[in-house]
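Q: The structure's right below; bear with me while I get my questions together.
The values are calculated or read from the model by the stated rules, or taken from the named source; none is laboratory data. Because the structure is predicted, anything quoted here is derived from the model rather than measured. Cβ atoms come from the backbone with ideal geometry, glycine included; neighbour counts cover every protein chain shown.
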Amino acid sequence: MPVLHLYNPPERFVAGTVGEPGHRTFFLQARSGARVTSVVLEKEQVAAMAERVDAMLDEVLRNSGGEAPIPAVAPVELDDSEPLEQPIDEEFRVGTITLSWDGTTELVVLELFSVVESGEDPEETGETGETGETGETGETGETGEDDENLADEVLEVRLGAGAARAFAKRAQSVVAAGRPSCPFCGNPVDPEGHICPRANGFRRIGQ
């Protein structure tokens, strides 16, 4: 059985980063009282989680005919712009992520499984690092069931709909706060500039 870090619900659950744009490490951090769990994941995983949390809540709200206790947007009073809790002690690196809606408790359930170390090809083991959206049934999507079974640790976070909206809003802001995009090619621009393929190889300097 994997080590379970359960927060039901957490006092705080946020995405955040350490480092300069272009060299940032992304964290998810849950806290209840003095207990804090921090896990590392990829920028793309954070972006996918935020998008799919909002999409799932929108779907549940739509399917309920607007009756489900789900705010359409993140409540202002739940905005959290504070930095990550210090010190940041990495518990594990995230591989598989599952997302579901528990209709009984009316909570969003996030499960983040540690990366499964193996010498096998990631495509064969299912180490996609993608979030699986499930809807109201609570059944996980195709997110690498073998990895879930073999993971050494899992962070399980259960959030009310408002807190989930607030998590998604901050996560989207964290992702967007990185390097600016080049207006010509769309690739990220470092402070010293980048080689733009649409400028015939000339270096464009970041603003």
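Q: Considering region 1-39 alone, what residues qualify as being more than 13 Å from Glu111 (Cα to Cα), surrounded by fewer than 18 Cβ atoms within 10 Å (Cβ to Cβ) and of a type in the set (A, V, I, L, M)?
A: Met1, Val18, Ala34
Q: Looking at region 83-101, is at least one residue modelled with pLDDT under 95, among the polar types (S, T, N, Q) and farther than 17 Å from Ala168 by Cβ?
A: No, region 83-101 has no match at all.
Q: Where residues in region 5-24 are in contact (Cβ under 8 Å) with a residue 24 or more places away in the chain and not in a strand (DSSP E or B), which of them is nearest to Gly178 (Cα to Cα)?
A: Let us first name the residues in region 5-24 that are in contact (Cβ under 8 Å) with a residue 24 or more places away in the chain, namely 5-10, 12-18, 21-22, 24.
Restricting the remaining residues to those that are not in a strand (DSSP E or B) gives 8-10, 21-22, 24.
Numbers: Asn8: 31, Pro9: 29, Pro10: 27, Pro21: 5, Gly22: 7, Arg24: 8 Å.
Here the answer is Pro21.
Q: Scanning for something in contact with a Lys or Arg (Cβ under 8 Å, 6 or more places away or on another chain), at pLDDT 95 or above and polar (S, T, N, Q), does region 13-28 turn up at least one residue?
A: yes
Q: Another question, if that's okay. Restricting attention to region 25-39, report how many residues are assigned to a strand (DSSP E or B), of a type in the set (A, V, I, L, M, F, W, C) and out of contact with any Phe, Trp or Tyr (no Cβ under 6 Å at 6 or more places or on another chain). Before you say what the answer is, go through the steps one by one.
A: Looking only at region 25-39, we keep the residues that are assigned to a strand (DSSP E or B), and these are 25-32, 35-39.
Checking which are of a type in the set (A, V, I, L, M, F, W, C) leaves us with 26-28, 30, 36, 39.
Right, trim to out of contact with any Phe, Trp or Tyr (no Cβ under 6 Å at 6 or more places or on another chain) and you get 26-28, 36.
The number of residues fulfilling the criteria is 4.
Q: Considering (1) surrounded by 15 or more Cβ atoms within 10 Å (Cβ to Cβ); (2) in a strand (DSSP E or B), say which one Met56 fails and leave the rest.
A: (2) is the only condition that Met56 fails.
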